[in-house]
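K.L.:
The structure's right below; bear with me while I get my questions together.
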Amino acid sequence: MMKFAADLHIHSCLSPCGDMSMTPNNIVNMAYLKGLDIIAVADHNSALNLPAISKLARERDILLIPAIEAESREEVHVLCYMPTLEAAMLFGEYLHENLPPVSNVPELFGEQVVMDEADVPIAKEEYLLVQSTLLSINEICEKCRALFGVPIPAHINRPSTSVIASLGFIPKELHFTSVEVKNTLPPPNIDLSSYHVLYSSDAHYLEDILEREMFISLKEKSIEEFLAYIAKQKL
Ligand SMILES: [Zn+2]
Ligand SMILES: [Zn+2]
């Protein structure tokens with residue numbers, strides 16, 4: 001087993017709440033400067049910035065786990081880690097089809113910019129990404145798993161949009177094997193001994209990306225090994 005420094009929850013400038021400095025190059029270069037081995041970029045309900053980030057990460061020998069932070073109609077944020085870029089794009093399309101057609105108001109929420117690998121804006125997402133999809137948390141987990149991804153509840157110690165805040169508990173029937181805890185908030189007051197716990201930044205600004213502080217032990221630095229680890233039942 002080897003230990004890898006990771007930050008598994010970073011937003012890009014596609015998320016309206018993500019700072020405009022969160023461009024593909026800036027995210028990857030900051031992760032490189034901070035010495036990270038593995039990163040996951042998980043924008044709200046969309047995968048459209050992953051192609052550029054994936055290419056840049058590969059050039060820096062950083063492993064990018066393709067991810068999306070999906071929001072269920074119960075207002076629960078679920079991190080969906082996907083096996084390939086293609087699977088993430090398909091999952092993103094599915095979420096888009098299930099987004100209420102509410103337009104983004106950039107002055108209120110921020111821009112939603114898709115960039116290429118030179119940080120050139122190539123598109124803007126029209127639908128507001130920071131809203132609940134029409135999908136239940138069950139449907140999100142089912143679709144994610146059908147595409148061989150692994151869903152885990154995001155920032156369970158956050159006072160809003162977390163499974164604890166919105167549902168009051170972690171539903172057993174969703175078979176979560178891992179949970180995410182936001183690094184800057186007090187830990188949740190529940191027994192997490194049966195889960196793998198991932199501490200991540202949920203960074204919306206470059207400076208919030210983790211340094212070498214959260215480590216994950218894997219046989220090798222690959223998406224396959226990462227997904228196998230977080231999907232494996234603990235105990
Ligand atoms: Zn969230
Ligand atoms: Zn987030």
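No value in this document is a laboratory result; all are computed from the given coordinates. Computed from a predicted model, the values in this text were never measured in an experiment. FYI the Cβ positions are ideal-geometry reconstructions off the backbone, even for glycines, and counts take in every protein chain you see.
K.L.:
Out of the residues in the stretch 133-167 meeting the condition of being part of a loop (DSSP other than H, G, I, E, B) and within 14 Å of ligand 2 (Cβ to nearest atom), tell me which one is nearest to residue 231 (Cα to Cα). Please lay out each step first, then the result.
P.N.:
Of the stretch 133-167, the ones part of a loop (DSSP other than H, G, I, E, B) are 133-136, 147-149, 154-162.
With within 14 Å of ligand 2 (Cβ to nearest atom) added as a condition, the list becomes 154-158, 160-162.
Working: 154: 15, 155: 17, 156: 17, 157: 21, 158: 22, 160: 25, 161: 22, 162: 20 Å.
Out of the qualifying residues, it is 154.
K.L.:
Hey, among the residues in the stretch 119-140 that are among the hydrophobic types (A, V, I, L, M, F, W, C) and touching a residue at least 60 places away in the same chain (Cβ under 8 Å), which one's farthest from residue 151 (Cα to Cα)?
P.N.:
Of the stretch 119-140, the ones among the hydrophobic types (A, V, I, L, M, F, W, C) are 120, 122-123, 128-130, 134-135, 137, 140.
Next cut, touching a residue at least 60 places away in the same chain (Cβ under 8 Å) only: 123, 128-130, 134-135, 137, 140.
Values: 123: 28, 128: 22, 129: 19, 130: 18, 134: 17, 135: 14, 137: 10, 140: 8 Å.
By that ranking, first place goes to 123.
K.L.:
Does at least one position in the stretch 185-196 carry a residue that is surrounded by fewer than 19 Cβ atoms within 10 Å (Cβ to Cβ), within 21 Å of residue 17 (Cβ to Cβ) and among the hydroxyl-bearing types (Ser, Thr, Tyr)?
P.N.:
Among the residues of the stretch 185-196, not one is surrounded by fewer than 19 Cβ atoms within 10 Å (Cβ to Cβ), within 21 Å of residue 17 (Cβ to Cβ) and among the hydroxyl-bearing types (Ser, Thr, Tyr), which makes the answer no.
K.L.:
Give the residues of the stretch 129-143 that are within 19 Å of residue 11 (Cβ to Cβ) and buried (at least 24 other Cβ atoms within 10 Å of the Cβ), sorted by residue number. Walk me through how you get there before you give the answer.
P.N.:
To start, the set of residues in the stretch 129-143 that are within 19 Å of residue 11 (Cβ to Cβ) comprises 129-133, 140.
Result: 129, 140.
K.L.:
Another one. What about residue 65, is it closer than 17 Å to residue 204 by Cα, touching a residue at least 24 places away in the same chain (Cβ under 8 Å) and outside any loop (DSSP other than H, G, I, E, B)? Step through it out loud before you land on a result.
P.N.:
Values: closer than 17 Å to residue 204 by Cα: no; touching a residue at least 24 places away in the same chain (Cβ under 8 Å): yes; outside any loop (DSSP other than H, G, I, E, B): yes.
No.
K.L.:
Go over the candidates 5, 57 one by one and state the one that is of a type in the set (A, V, I, L, M, F, W, C), surrounded by fewer than 24 Cβ atoms within 10 Å (Cβ to Cβ) and either touching a residue at least 60 places away in the same chain (Cβ under 8 Å) or within 12 Å of ligand 2 (Cβ to nearest atom) (or both). Write out each step before concluding.
P.N.:
Details: 57 fails: either touching a residue at least 60 places away in the same chain (Cβ under 8 Å) or within 12 Å of ligand 2 (Cβ to nearest atom) (or both).
Every option except 5 fails the conditions.
K.L.:
So which residues in the stretch 69-98 are part of a strand (DSSP E or B), touching a helix residue (DSSP H, G or I) at 6+ places or on another chain (Cβ under 6 Å) and within 11 Å of ligand 1 (Cβ to nearest atom), if there are any at all?
P.N.:
70, 78
K.L.:
Moving on to the next point. Go through the stretch 168-188 residue by residue and tally those that are in a strand (DSSP E or B) and of a type outside the set (Val, Ile, Thr).
P.N.:
If we filter the stretch 168-188 for residues that are in a strand (DSSP E or B), which is where we start, we get 178-182.
Filter once more, keeping what is of a type outside the set (Val, Ile, Thr): 178, 180, 182.
Qualifying residue count, the stretch 168-188: 3.
K.L.:
Same structure again: Can you pull out the residues in the stretch 1-45 that are of a type in the set (A, V, I, L, M, F, W, C), within 16 Å of ligand 1 (Cβ to nearest atom) and over 22 Å from residue 214 (Cα atoms)?
P.N.:
Result: 14, 17.
K.L.:
Within the stretch 197-235, how many residues turn out to be assigned to a strand (DSSP E or B), within 16 Å of ligand 2 (Cβ to nearest atom) and surrounded by fewer than 17 Cβ atoms within 10 Å (Cβ to Cβ)? Explain how you work it out, then say what you get.
P.N.:
Our first condition is that a residue be assigned to a strand (DSSP E or B); within the stretch 197-235, this holds for 197-200, 203, 215-218.
Restricting the remaining residues to those that are within 16 Å of ligand 2 (Cβ to nearest atom) gives 198-200, 203.
Next, only the ones that are surrounded by fewer than 17 Cβ atoms within 10 Å (Cβ to Cβ) stay: none.
Going through the stretch 197-235 one residue at a time, the tally reaches 0.
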